[in-house]
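The values are calculated or read from the model by the stated rules, or taken from the named source; none is laboratory data. Only a predicted model underlies this, so the values are computations on that prediction, with no experimental measurement involved. As a convention, Cβ positions derive from the backbone with ideal geometry for all residues, glycine included, and neighbour counts pool all protein chains shown. Heavy atoms of the whole protein, side chains included, go into the accessibility calculation; ligands, DNA and RNA do not. Shrake-Rupley method; radii C 1.70, N 1.55, O 1.52, S 1.80 Å.
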Amino acid sequence: MRLGDLVGNTPHVCGPDTTLLEAAVAMERSDLGSIAVVEGMNLLGLITERDIRRAVANGTDLDTAVSAVMSDDPDTFDPDLDVWDAASWIAESGYRHLPVVGDDGGLMGVVSIRDLLKALVDTV
């Protein structure tokens, strides 16, 4: 199984000026742990539940733009990457979300550690 098999039809995205509160509400409504931050078709970063938690703990105002606290310039992954190789990378890196980018450079989606675990269980 490949990472590309795990992405949905449309990636969940927001713009860099989206507030932390708006991102948190979108994550809660969609049961997501991250949202890709894009400008046009360019992936700028990921805003994760960890980023929001850290910002709140540091007293950052919830009206702050996600671009101020997001994980920027994330590693991206090819849709043809095998899920077992992706799992190895996650185990070594500690990341929880893998942005999948196609040959055209466009974001296809973000695979979470939960998505990956489900896929691995299905392959055994």
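Mean-square fluctuations from a GNM of the chain, with a 10 angstrom spring cutoff on Cα atoms, peak among G105, G33, G94 at G94. Heavy atoms of the protein chains alone define the surface here; on that basis the chain has 58 Å² accessible area per residue at 1.4 Å probe size. Helix 20-30 and the longest principal axis of the C-alpha atoms of the chain enclose an angle of approximately 40°.
Shape analysis of segment 73-124 yields a ratio of the Cα radius of gyration to the Kirkwood radius, Rg/Rh, of 0.95. Any idea what angle helix 113-123 forms with the longest principal axis of the chain, computed on alpha-carbon atoms, 0 to 90 degrees, nearest 10? Value to nearest ten degrees: 10. Normalising the average separation of contacting C-alpha pairs (under 8 angstrom, six or more residues apart) by the number of residues puts the relative contact order of the chain at 33 percent. Between the beta carbons of D103 and T64, assuming R0 = 22 Å, the FRET efficiency works out to 0.05 to the nearest 0.05. Heavy-atom accessible area with a 1.4 Å probe sorts M41, M108, largest first, into M41, M108.
As a fraction of the 1.4 Å probe accessible area of segment 28-86, surface on carbon and sulfur atoms comes out at 43 percent. The angle between the Cα long axis of helix 83-93 and the longest principal axis of the Cα atoms of the chain comes to about 40 degrees, rounded to the nearest 10.
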